[in-house]
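The values are calculated or read from the model by the stated rules, or taken from the named source; none is laboratory data. In this text, all values refer to a predicted model and were calculated from it rather than measured experimentally. Glycine also receives a Cβ, built like all others from the backbone with ideal geometry; neighbour counts cover every protein chain displayed. In case anyone asks, the SASA skips ligands and DNA or RNA and just uses the protein heavy atoms, side chains included. Shrake-Rupley method; radii C 1.70, N 1.55, O 1.52, S 1.80 Å.
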Amino acid sequence: MERAELSIALQRTSDEAVLRLAGEIDMLTATQLTNTVNELLSDAPARIVLDMGGITFCDSQGLGTLVVLTRKASHAQSLLLLTNVGEFLLRVLNITGLRSALTIR
């Protein structure tokens with residue numbers, strides 16, 4: 001079995017951090033995403049944008065991670081939002097009822 005991979009590319013301005021994600025968000029990669037967002041929250045920008053255009057898979061651990069990171073960002077007075085969310089992930093978010101817990105642009 002191949003190991004899941006997640007690539008994260010960061011672009012930052014004074015008020016926004018954009019994380020371009022590619023690969024899978026699952027039980028093997030969720031910690032990597034969490035650590036990256038937590039580092040950003042130590043000097044929280046107004047917005048953290050997760051560009052989901054390259055995400056090919058997201059399991060329940062990944063979904064939970066997105067919700068937790070959204071709450072952490074809110075507590076740090078930052079807005080975490082998702083962009084370029086694929087149809088498969090939108091469908092899962094709708095089915096699970098988690099879409100309302102996330103900000104999607």
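Checking each residue in segment 8-30 for being over 12 Å from the mean Cα position of the chain (by Cα) and among the polar types (S, T, N, Q) picks out 11, 13, 14.
Of all residues in segment 62-86, those that are of a type in the set (A, V, I, L, M, F, W, C) and either touching a Cys at 6+ places or on another chain (Cβ under 8 Å) or open to solvent by less than 20 Å² (accessible area, probe 1.4 Å) (or both) total 8.
Residues that are more than 20 Å from residue 79 (Cα to Cα) and free of Cβ contacts under 8 Å to residues at least 24 places away in the same chain within segment 1-30 comprise 1, 2, listed in sequence order. Of the listed requirements (1) open to solvent by 40 Å² or more (accessible area, probe 1.4 Å); (2) farther than 21 Å from residue 4 by Cα, residue 35 misses just one: (2).
Out of everything in segment 87-105 that is open to solvent by 90 Å² or more (accessible area, probe 1.4 Å) and in a helix (DSSP H, G or I), what residue ends up being farthest from residue 50 (Cα to Cα)? Write out each step before concluding.
Residues of segment 87-105 open to solvent by 90 Å² or more (accessible area, probe 1.4 Å): 87, 91, 95, 99-100, 105.
If we keep only those that are in a helix (DSSP H, G or I) too, we end up with 87, 91, 95, 99-100.
Numbers: 87: 16, 91: 18, 95: 21, 99: 15, 100: 16 Å.
Restricting to residues being open to solvent by 90 Å² or more (accessible area, probe 1.4 Å) and in a helix (DSSP H, G or I), the top hit is 95.
Screening residue 10 on (1) touching a Leu at 6+ places or on another chain (Cβ under 7 Å); (2) under 18 Å from residue 85 (Cβ atoms); (3) open to solvent by 80 Å² or more (accessible area, probe 1.4 Å) shows it passes everything except condition (2). Can you go through 59, 51, 26 and tell me which one is within 16 Å of residue 6 (Cα to Cα), charged (D, E, K, R), open to solvent by less than 20 Å² (accessible area, probe 1.4 Å) and out of contact with any Cys (no Cβ under 6 Å at 6 or more places or on another chain)? Among 59, 51, 26, only 26 is within 16 Å of residue 6 (Cα to Cα), charged (D, E, K, R), open to solvent by less than 20 Å² (accessible area, probe 1.4 Å) and out of contact with any Cys (no Cβ under 6 Å at 6 or more places or on another chain).
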